[in-house]
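Before any comments, here is the structure.
The values are calculated or read from the model by the stated rules, or taken from the named source; none is laboratory data. Not measured: the values here are computed from a predicted model. Cβ: placed from backbone, ideal geometry, glycine included. Neighbour counts: every protein chain shown. Only protein heavy atoms, including side chains, enter the accessible area calculation; ligands, DNA and RNA are left aside. Shrake-Rupley method; radii C 1.70, N 1.55, O 1.52, S 1.80 Å.
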Amino acid sequence: MSDAGPILEVKDLRVHYGAIEALRGISLEVSDGQVVALIGANGAGKTTTLRAVSRMLRPSGGQVRFRGEDVTRLPSHAVVARGMAHAPEGRGIFLNLSVRENLDLGAYLRRDRAGIASDVERAYTLFPILAERRAQVAGTLSGGEQQMLAVARAMMSRPKLMLLDEPSLGLAPQVVERIFGVLREVNASGVALLLVEQNAHKALQLAHRAYVLETGTVVMQGTGRELLASPEVRKAYLGE
Amino acid sequence: MTEFFQHLVNGVSVGTIYALIALGYTMVYGVLKLINFAHGDVYMVGAFSGYYLGTVGGGGQPSFIRAAYITLGAMIVCGLLGYVIERFAYRPLRDQARLTSLITAIGVSFLLEYGFQLTPWFREPVPFPPGPSPRFFPTLLDFGPAPSLEFLGVTVPKIDALGLVLALALMLLLQHIVYRTRFGTAMRAVSFDPQVAGLMGIPVNRIISMTFVLGSALAAAAGIINASSRPKIEPLFGLMSGLKAFVAAVLGGIGNVPGAMAGGLLLGVTEEYVAGYTSSSYRDAIAFAVLILVLLLRPEGLFGRATVEKV
Ligand SMILES: Nc1ncnc2c1ncn2[C@@H]1O[C@H](COP(=O)(O)OP(=O)(O)OP(=O)(O)O)[C@@H](O)[C@H]1O
Ligand SMILES: [Mg+2]
């Protein structure tokens, strides 16, 4: 499932926060069905890249093409309607809603009740703790449980591309394994992933391609394997 | 004891009016974190639209159909007004400092208060100086020779009883919309985090518009219910009711839908008891004493929860 046409093309993307230029012209590509990892130090601009792609913020320049269409000027709800899901940094769980309502909102644009119900069941099978907590307000979930909910919710729209911002942050090692297992499965079913991860080792193992960001620019790119083998990456991001 | 119950009935009756208005404050605050100070005036416009709908062309005989037509008509007019206010006064300023919107809200409020001192018929001469000349709301329903219900010595005008029933029904309906429908879930999501709501595919602007429409329609219903039993209306009377409903919303925890209903009822009943057993000149002071007490003792409101966030 690699190397079909690009599902996402980002060209020369620029973002300013006031006077600060957080992205200084980023270009990257995600091919259909691929996993692409985005790694880089804190403040490099990984979150900003994902936010500009899903239009949570307005880029000050550049272009985002999704499934062949220019989506740079669309509002975020229209972008996600075209088949993108974004599990944002900080999880973005609606803490005032129940677990089940959070999952249902993931499927907000879908009308097939039966399909939604079966996807909710699938989410409960993947993360049994969510089934136990289904009627509970999400604000009462632990951080790790919220993280599982964020991944499960992003799957609910049956996206073609998922943007994931540090899905394993702060999770116990077995839970990290579980999340990566789920992501591998999701990708195997044909969904492309654009993955931001602190855990560069795991991300690069899963990724077909990867980009290294530094202060708002792409400084290195290659296949996951190439970057895993690169001495600079090993030194800077894999702690060797 | 009879007096006690009479006050209770009166208090609940006024309280439901506050509650209906308070819902608009609280819902708008929920989605925009904006205190829409023009909301009390939308309530006034509700009564005025009812008045114009009811008197144009010489009016007609009181009847159920006519009452329904005027009530629904006023709700639609105010729903549109709410839409227009949000779309043209607040939305362009959404990204500006909060204070800008607040001042704009006060501007909209003045516009309505003073705009409605004129009549909507352009050919009629404008009285000079224009003033808040009171008008009399038409009778919507005629209950014949026995216009009041009586039980246990408590007297309730039938029109008030009907208003109470309507108000409670609207509140139940709203409760259902907010907690049981797809739109309501989207609204609660927007009020928690509009950006993430957008990521779910929720058209955030449309939800905000709909929230204004709903809140304004409820205010219109309150205006009609109130004017049916206290028919003297004038363009400034939304101010005080609006402020009190705002107090009710804060009392219940601003942003909290059941809280606004409870806050309205509580405020209405408290006012009525204090005014009834001491002096009615304290009536207006009570609302603001309540506001000060709530802000001092429990700023999140009686039903609001101090927000818990897990990091
Ligand atoms: N809302 C904001 N206002 C101002 N500056 C911001 C804002 N958000 C991010 N920045 C700045 O933009 C730069 C990129 O931030 P971003 O959050 O994209 O980094 P990141 O790569 O995701 O970092 P981390 O690994 O810590 O999550 C940083 O210098 C940050 O300080
Ligand atoms: Mg980040």
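Values for this structure:
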item	result
Residues of the stretch B:36-87 satisfying the condition of being among the aromatic types (F, W, Y) and closer than 18 Å to B:G163 by Cβ	B:Y43, B:F48, B:Y51, B:F64, B:Y69
Residue among B:Q195, B:Q175 that is within 12 Å of another protein chain (Cβ to nearest Cβ), open to solvent by 40 Å² or more (accessible area, probe 1.4 Å) and in contact with a helix residue (DSSP H, G or I) (Cβ under 9 Å, 6 or more places away or on another chain)	B:Q195
Flag for A:G18 being at pLDDT below 95, more than 16 Å from ligand 2 (Cβ to nearest atom) and over 14 Å from the mean Cα position of the chain (by Cα)	yes
Condition broken by A:A114, with the remaining ones in (1) of a type outside the set (K, R); (2) surrounded by fewer than 19 Cβ atoms within 10 Å (Cβ to Cβ); (3) at pLDDT below 95 satisfied	(3)
Test: A:T125 is of a type in the set (S, T, Y), away from ligand 1 (no atom under 16 Å from the Cβ) and farther than 23 Å from A:V80 by Cα	yes
Contacts under 7 angstrom Cβ, first residue in the stretch A:79-94 being on the phi > 0 side of the Ramachandran plot, partner modelled with pLDDT under 95 and within 16 Å of ligand 1 (Cβ to nearest atom), 6 or more apart	A:R91/A:Q147
Any chance B:A275 is surrounded by fewer than 22 Cβ atoms within 10 Å (Cβ to Cβ) and away from every other protein chain (no Cβ under 14 Å)	yes
All helices (runs of 4 or more DSSP H) inside the stretch A:44-122 with 2 or more residues being under 16 Å from A:Y17 (Cβ atoms) and more than 9 Å from chain B (Cβ to nearest Cβ)	A:46-53
Failed criterion for A:D12 (all others in (1) surrounded by 16 or more Cβ atoms within 10 Å (Cβ to Cβ); (2) over 16 Å from the mean Cα position of the chain (by Cα); (3) away from ligand 1 (no atom under 16 Å from the Cβ); (4) away from chain B (no Cβ under 13 Å) hold)	(1)
Residue in the stretch A:186-197 that is within 16 Å of ligand 2 (Cβ to nearest atom), among the β-branched types (V, I, T) and under 15 Å from the mean Cα position of the chain (by Cα) present	yes
Residue within the stretch A:30-41 that is of a type in the set (S, T, Y) and either within 13 Å of ligand 1 (Cβ to nearest atom) or assigned to a loop (DSSP other than H, G, I, E, B) (or both) present	no
Those helices (runs of 4 or more DSSP H) lying entirely in the stretch A:181-240 with at least 2 residues within 18 Å of A:V30 (Cα to Cα) and without any contact (Cβ under 8 Å) to a residue 60 or more places away in the chain	A:224-229
Some residue of the stretch B:224-235 being within 30 Å of B:D284 (Cβ to Cβ), open to solvent by 10 Å² or more (accessible area, probe 1.4 Å), more than 14 Å from every other protein chain (Cβ to nearest Cβ) and within 12 Å of the chain's Cα centre (by Cα)	yes
Matching residues in the stretch A:158-187 - criterion: being at pLDDT below 95, surrounded by 19 or more Cβ atoms within 10 Å (Cβ to Cβ) and of a type in the set (S, T, N, Q)	A:S168
Index of the failed condition, B:L93 passing every other in (1) out of contact with any Gly (no Cβ under 9 Å at 6 or more places or on another chain); (2) touching a residue at least 12 places away in the same chain (Cβ under 8 Å)	(2)
Filter result for the condition that a residue is touching a His at 6+ places or on another chain (Cβ under 8 Å) and more than 23 Å from B:N36 (Cα to Cα), over B:G163, B:G201	B:G201
Exclusive hit being within 14 Å of ligand 2 (Cβ to nearest atom) and in contact with a Ser or Thr (Cβ under 7 Å, 6 or more places away or on another chain), set A:L23, A:L50	A:L23
Any chance B:F143 is away from chain A (no Cβ under 14 Å) and not in a helix (DSSP H, G or I)	yes
Residue among A:T217, A:T223 that alone is within 16 Å of ligand 1 (Cβ to nearest atom) and in the same structural domain as A:S27 (by TED's automatic domain parsing)	A:T217
Residue identified as open to solvent by less than 20 Å² (accessible area, probe 1.4 Å) and within 19 Å of the chain's Cα centre (by Cα) among B:A161, B:A219	B:A219
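Residues checked against (1) more than 14 Å from chain B (Cβ to nearest Cβ); (2) under 30 Å from A:P6 (Cβ atoms):
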{"position": "A:G139", "(1), (2)": "no, no"}
{"position": "A:P159", "(1), (2)": "no, yes"}
{"position": "A:L169", "(1), (2)": "no, yes"}
{"position": "A:N187", "(1), (2)": "yes, yes"}
